[in-house]
Amino acid sequence: MKKIIGAGVLLAAAAIFWIYGRGSTQTQKTSIKVGISIYRQDDTFISSMMGSLESYAKTLEQEKNIKISIDISDGNENQNTQNEQVERYISLGYDVLCINMVDRAEAATVIDKAEAADIPVIFFNREPVEEDMYRWEKLYYIGSDAKEQAVLQGQMILDALASRPEEIDINQDGILQYAMLEGEIRHQDSMVRTEWSVQSLKDGGASLEKVTGGIADWERAQASAMVEQWLTDYGDQIEIIICNNDDMALGAVDAMARAGLDFHNIVGIDGTPAGIQAVDEGKMLGTVVSNLDLHAQAIMDFAYAMAMGQEIDIEKWPLIDGKYIRIPQEIYVG
Ligand code: BGC
């Protein structure tokens, strides 16, 4: 009997040692490696977010007293390149991956590689399809609620229309003649923003007429060339230019400046430093701010917790459907 009790005590002690021993090796990590891959280095919104992320990582390093190494690779708009970057991070034993997909429909390839190596993944800004998000438990998505952004963009125009109708409905015909600049066709944000900015204007009682529209892939230069052409084709018919992001809005601003026109009815989304500055200078009517610092903090907080094998702080970051973080938005007008 004594022997059996003795063996039981020994077993219990071994179990306690095993549990705590494992726990302590996890918390004893003194450094973590975070592998980031972005779809395109020269995207203003993403590069500003990375700047913010690097500075928040330094704060976190001090707060947690741990070394955090961050590697940011440029996917260069090529999914094969990005897949190779993921493989490299995995082979070098990175602790966590943060991926801004080149082609968001290809997330399964990244997920399968990461799962095989048991390295958690945080996707951001370019959202994998829902089915892929539920492929494995160690996956999260951090991004904006595109519908919320678009509804706020519509609201901003409705507010301006109500308070300064003569500035917005330029020809005073009671109808808002608009042009739409859209982001990449396969990006979840462009599709939803295009639909809901217009829908929220309609829901708010505005009469609308689309003069023209086009896809400028989020890019300032493309948008600028497109608007220049619109000015030739449609002259003064356009009363407002609704843009899926700030960089394209700035392209429209550039085209107006080149044409020597005093036209500022241009709205964006993002709240990039350049976008905010253009609003402050009266070159744009307004933007919807998708707080870059919060994006960066969410990505790094998740990366840290997952690399350390810790729980996510769901009080700070309330998860939607156990998978999604949606960064809050706000209207910014001059
Ligand atoms: C932003 C764009 C950016 C794109 C990149 C969007 O959410 O609004 O400015 O170019 O994401 O994926």
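Where a number appears in this text, it was derived from the coordinates with a stated rule and is not lab data. This one's a predicted model, so the numbers in the text were calculated from it and none came from an experiment. Here the Cβ positions follow ideal geometry from the backbone for every residue, glycine too, while neighbour counts run over all protein chains shown.
Take every Cα pair under 8 Å in segment 164-226 that's 6+ residues apart, average their separations, divide by the length, and report that relative contact order as a whole percent.
Averaging sequence separation for qualifying contacts and normalising by length gives 41 percent for segment 164-226.
Based only on Cα atoms, what mean projected area does the convex hull of the chain have, in nm²?
20.7 nm²
Apply the a/c threshold of 1.5 to the C-alpha gyration tensor of segment 30-99 and tell me whether it is rounded, prolate or oblate.
oblate
Between TRP136 and SER207, take the C-beta separation as r, use R0 = 45 Å, and let me know the FRET efficiency to the nearest 0.05.
Here the calculated transfer efficiency is 0.40.
For segment 178-259, just say rounded, prolate or oblate: build the C-alpha gyration tensor, square-root its eigenvalues into a ≥ b ≥ c, call rounded for a/c under 1.5, and beyond that prolate if a/b exceeds b/c, oblate if not.
In terms of gyration-tensor shape, oblate.
If each residue's Cβ is checked for other Cβ atoms within 10 Å, how do SER47, SER224 rank with the fewest at the top?
Arranged by neighbour count, lowest to highest, SER47, SER224 become SER47, SER224.
Express the relative contact order of the chain as a whole percentage, based on alpha carbon pairs under 8 Å and six or more residues apart in sequence.
Once normalised by length, the contact order is 17 percent.
A 26 angstrom limit on the alpha carbon distance is what I want to check against. Which of LYS33/LYS138; LYS58/LYS283; LYS64/LYS113; LYS283/LYS316; LYS33/LYS323 exceed it?
Those over the limit are LYS58/LYS283; LYS64/LYS113; LYS283/LYS316.
Need one word for segment 144-289: rounded, prolate or oblate. Basis is the Cα gyration tensor (sqrt eigenvalues a ≥ b ≥ c); a/c below 1.5 gives rounded, then a/b vs b/c decides.
It comes out rounded by the Cα gyration axes.
Angle, helix 146-163 long axis vs. longest principal axis of the chain, Cα atoms, 0 to 90°, nearest 10?
Value to nearest ten degrees: 30.
Between the DSSP loop rule and a limit of at most 10 other Cβ atoms within 10 Å, which GluC sites (Glu not before Pro) in segment 281-325 are left?
Listed in order of number, the matching sites are GLU311, GLU315.
Could you please rank ILE70, ILE269, ILE157, placing first whichever residue has the fewest other Cβ atoms within 10 Å of its Cβ?
Going from sparsest to densest Cβ surroundings: ILE70, ILE157, ILE269.
Could you work out the relative contact order of segment 82-177? I mean the mean sequence separation of Cα pairs under 8 Å and 6+ apart, divided by the number of residues, in percent.
After rounding, I find 20 percent.
Obtain the nm distance between the two label points defined at ALA259 and TYR234 by a simple spin-label model: each point lies 7 Å from its Cα along the Cα-to-C-beta direction.
Calculated label separation equals 1.0 nm.
Which chymotrypsin sites (Phe, Trp or Tyr not before Pro) from segment 133-173 combine a DSSP loop assignment with at most 15 other Cβ atoms within 10 Å?
Taking segment 133-173 and a limit of 15 other Cβ atoms within 10 Å, the loop chymotrypsin sites (Phe, Trp or Tyr not before Pro) found are TYR134, TRP136.
For the chain, what is the percent of antiparallel DSSP beta bridges, rounded to the nearest 5?
Of the beta bridges lying entirely in the chain, close to 15 percent run antiparallel.
For MET133, what is the net charge nearby, where nearby means another residue's Cβ is under 9 Å from its Cβ and Lys, Arg count +1, Asp, Glu -1?
Local charge sum for MET133: -3.
Note down the net charge around ILE32, summing +1 for each Lys or Arg and -1 for each Asp or Glu among other residues with Cβ under 10 Å from its Cβ.
Taking every other residue near ILE32 into account, the sum is +2.
Quick one: angle between helix 220-234 and the longest Cα principal axis of the chain, in degrees between 0 and 90, rounded to 10, please.
20 degrees
Counting other C-beta atoms within 10 Å, which of ARG258, ARG40, ARG104, ARG193 has the fewest, and how do the rest follow?
Lowest to highest Cβ neighbour count: ARG258, ARG40, ARG104, ARG193.
With r defined as the distance between the Cβ atoms of LEU92 and VAL129 and R0 fixed at 30 Å, what FRET efficiency is calculated, to the nearest 0.05?
So the FRET efficiency works out to roughly 0.60.
Pairing the Cα long axis of helix 2-27 with the longest principal axis of the chain, what angle in degrees results, from 0 to 90 and rounded to the nearest 10?
With rounding to tens, the tilt is 30 degrees.
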